[in-house]
Amino acid sequence: MRNSILTSFAVLMLASVFSCKNDTKTPDTTPVVGQLQYEKKHGTDCDKPDTLRYNCLTINLAWPNVETGSDALKKSVADWANNYLIAILSAGAMDIEATNPPKTVEAAATTFIEAHKTFSIDAADSPMGQWTAESKDTTLLNDGKYLTLEINGFTYAGGAHGSPTAAVATFDALSGKQLTWADLVNDQSALQVLAEKVFRATRMDIFAPAGGSEPFEFDETFQFALPQNYGLVEGGIYCHYLAYEVGPYAIGNTQFVIPFESLGSNFKIATTPGSLGAASNIYKMEGNEFIIPTFEIEVSNSLNANQTLGTQKETIIVSAFFSGDPVNDKDLDDDGQMFITKKDIELSGDNRIAKFEGLKFSKAMYDKLADKDITLLINVYSGRKSSSDNLLDCGIVEANASKLMNKRFTVGCKLIEEPAQQDLSKNVQ
């Protein structure tokens with residue numbers, strides 16, 4: 001269960017919605033994809049630690065929203081996302097849903113809560129009363145012609161385990177049409193043979209497990225088929241198999257990309273989606289490396305911090321860390337992210353501006369990314385010349401690579417234990 005803002009007795013609700021055949025035509029501009037969120041909470045013991053909760057429900061949903069683009073695309077994405085969210089919220093309330101199926105996220109959330117109320121009465125002392133429904137979204141491709149989106153969700157409504165789910169779809173950015181297998185390939189049977197080969201190579205852990213464990217094999221119960229969730233990415237066709245789709249729950253979800261070069265003439269679309277669009281809009285290419293846009297970080301210290309640093313001849317370290325969302329979860333590190341590159345710049349004397357330029361990462365790493373717009377995280381701390389401890393309490397900057405080009409961001413710093421000042425740090429998503 002996920003930790004959340006704790007609430008007390010009865011029903012506490014927080015609901016907010018905010019934006020934090022192939023056509024030769026293309027939109028005038030690349031669609032802008034934002035995010036909608038919906039949060040609600042209900043229960044009598046949500047103020048207790050997870051291990052002591054028996055009656056607490058949380059809903060924490062995030063999903064994509066096309067902010068600028070064709071009206072047809074906006075409607076298609078909205079309908080697709082709503083249908084998925086309603087489905088995961090309705091999973092714990094089948095009886096209610098069957099007689100009065102909800103048509104909106106809000107209505108589905110109400111249904112989910114009503115089912116939890118009934119469960120809480122019927123099984124008041126059950127440790128299975130910690131219900132949850134959550135989701136997060138990722139833009140896998142947005143090259144001006146095609147938009148591929150993914151929503152990953154999780155629902156727990158009692159029982160032995162929760163239900164991880166996902167939805168993946170590619171939309172024509174102009175017409176809003178959701179692409180099907182028939183739109184992508186000429187021969188689906190041939191593609192299925194290829195997809196099985198890639199599946200087996202990706203999941204060697206279940207087909208040839210270490211330690212003498214029983215290997216998995218497809219059979220009459222679990223037959224291999226093309227996935228229900230798939231879409232175009234820059235390297236090929238992304239496939240996301242859910243638990244139970246082609247195997248038992250224990251093998252979990254499986255994701256991989258079928259490369260365009262493997263498809264050959266079976267691929268229907270004439271040009272490689274995203275081969276130029278996303279990359280050329282964000283990065284310059286040098287050989288087999290992508291160059292991250294140049295940007296600057298300005299450190300704005302409090303008066304006391306400046307005086308202390310000057311007196312102690314202390315330096316400032318500005319640390320830039322880049323990470324991304326990979327297509328394959330196997331490329332995630334222990335912190336749940338894919339490391340791209342990092343760079344530290346040390347400022348001394350009166351210099352308060354760190355210029356980051358010429359940072360690169362390989363095409364091989366680029367091809368592993370689901371979202372090519374990698375994320376920058378800036379941390380600032382003292383250089384520890386005069387003390388083994390960090391002297392500075394600084395804000396952070398977080399921004400996507402597409403927002404960096406020749407920009408200067410300001411980070412506000414003060415001494416640790418110094419009274420709070422106005423935070424000058426600029427956090428750009």
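The values are calculated or read from the model by the stated rules, or taken from the named source; none is laboratory data. Everything quoted here is computed from the prediction, not taken from an experiment. Please note: Cβ atoms are built from the backbone with ideal geometry, for glycine as well, and neighbour counts cover all protein chains shown.
Name the single residue that is surrounded by the fewest Cβ atoms within 10 Å (Cβ to Cβ) among those in the range 269-315 being of a type in the set (Asp, Glu), modelled with pLDDT of 90 or more and not in a loop (DSSP other than H, G, I, E, B). It would help to see each step written out before you state the result.
Within the range 269-315, the subset of a type in the set (Asp, Glu) is 286, 289, 296, 298, 314.
Then keep just the ones that are modelled with pLDDT of 90 or more; that gives 296, 298, 314.
Right, trim to not in a loop (DSSP other than H, G, I, E, B) and you get 296, 298.
Working: Glu296: 17, Glu298: 15.
Filtering the range 269-315 for residues that are of a type in the set (Asp, Glu), modelled with pLDDT of 90 or more and not in a loop (DSSP other than H, G, I, E, B), the one surrounded by the fewest Cβ atoms within 10 Å (Cβ to Cβ) comes out as Glu298.
Is there any pair with a first residue in the range 217-236 that is within 22 Å of Asp205 (Cβ to Cβ) and a second that is of a type in the set (Gly, Ala, Ser) and assigned to a loop (DSSP other than H, G, I, E, B) whose Cβ atoms are under 7 Å apart and which are 6 or more apart or on different chains, and what are they?
Note: pairs meeting the criteria are Phe222/Gly247.
Please tell me if Ile291 is over 22 Å from Glu234 (Cα atoms) and β-branched (Val, Ile, Thr).
On the way: over 22 Å from Glu234 (Cα atoms): no; β-branched (Val, Ile, Thr): yes.
No: the conditions fail for Ile291.
Just one of Tyr230, Tyr238, Tyr244 is among the hydroxyl-bearing types (Ser, Thr, Tyr) and more than 25 Å from Lys177 (Cα to Cα); which is it? Let's see the steps before the verdict.
Working: Tyr230 fails: more than 25 Å from Lys177 (Cα to Cα); Tyr238 fails: more than 25 Å from Lys177 (Cα to Cα).
Answer to the selection: Tyr244.
Residue by residue through the range 215-239, note down the ones that are under 15 Å from Asn152 (Cβ atoms) and either of a type in the set (S, T, N, Q) or out of contact with any strand residue (DSSP E or B) (no Cβ under 6 Å at 6 or more places or on another chain) (or both).
Restricting attention to the range 215-239, the residues satisfying the condition of being under 15 Å from Asn152 (Cβ atoms) are 227-231, 238-239.
Listed by number, the residues that qualify are Gln228, Asn229.
Inspect the range 173-181 for any residue being part of a helix (DSSP H, G or I) and either assigned by TED's automatic domain parsing to the domain that holds Trp131 or among the aliphatic types (A, V, I, L, M) (or both) and give the result as yes or no.
Looking only at the range 173-181, we keep the residues that are part of a helix (DSSP H, G or I), and these are 181.
Remaining after also requiring either assigned by TED's automatic domain parsing to the domain that holds Trp131 or among the aliphatic types (A, V, I, L, M) (or both): 181.
Taking every residue of the range 173-181 in turn, at least one turns out to be part of a helix (DSSP H, G or I) and either assigned by TED's automatic domain parsing to the domain that holds Trp131 or among the aliphatic types (A, V, I, L, M) (or both).
Quick check: anything in the range 231-245 in contact with an Asp or Glu (Cβ under 9 Å, 6 or more places away or on another chain), among the aromatic types (Phe, Trp, Tyr) and modelled with pLDDT of 90 or more?
Checked the range 231-245: at least one residue is in contact with an Asp or Glu (Cβ under 9 Å, 6 or more places away or on another chain), among the aromatic types (Phe, Trp, Tyr) and modelled with pLDDT of 90 or more.
Residue-wise test of (1) farther than 23 Å from Asn328 by Cβ; (2) at pLDDT 90 or above.
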residue: Asn152; (1), (2): no, yes
residue: Thr155; (1), (2): yes, no
residue: Ala173; (1), (2): yes, yes
residue: Asn186; (1), (2): yes, yes
residue: Ala195; (1), (2): no, yes
residue: Ser213; (1), (2): no, no
residue: Gln228; (1), (2): no, yes
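Identify, by number, the condition in (1) modelled with pLDDT of 90 or more; (2) touching a helix residue (DSSP H, G or I) at 6+ places or on another chain (Cβ under 8 Å) that Gly144 doesn't meet.
So the condition that Gly144 fails would be (1).
Which number in (1) polar (S, T, N, Q); (2) at pLDDT below 95; (3) surrounded by fewer than 14 Cβ atoms within 10 Å (Cβ to Cβ); (4) within 18 Å of Ala72 (Cβ to Cβ) marks the one condition that Thr118 misses?
(4)
Do we have any residue at all in the range 401-410 that's part of a loop (DSSP other than H, G, I, E, B), in contact with a strand residue (DSSP E or B) (Cβ under 6 Å, 6 or more places away or on another chain) and surrounded by fewer than 18 Cβ atoms within 10 Å (Cβ to Cβ)?
We begin by selecting, within the range 401-410, every residue part of a loop (DSSP other than H, G, I, E, B); these are 404-406.
Now restrict to residues that are in contact with a strand residue (DSSP E or B) (Cβ under 6 Å, 6 or more places away or on another chain): 404.
So of that shortlist, the ones also surrounded by fewer than 18 Cβ atoms within 10 Å (Cβ to Cβ) come out as none.
No.
Gly162 is checked against (1) surrounded by fewer than 21 Cβ atoms within 10 Å (Cβ to Cβ); (2) at pLDDT 95 or above and fails just one. What number does that condition carry?
The failed condition is (2).
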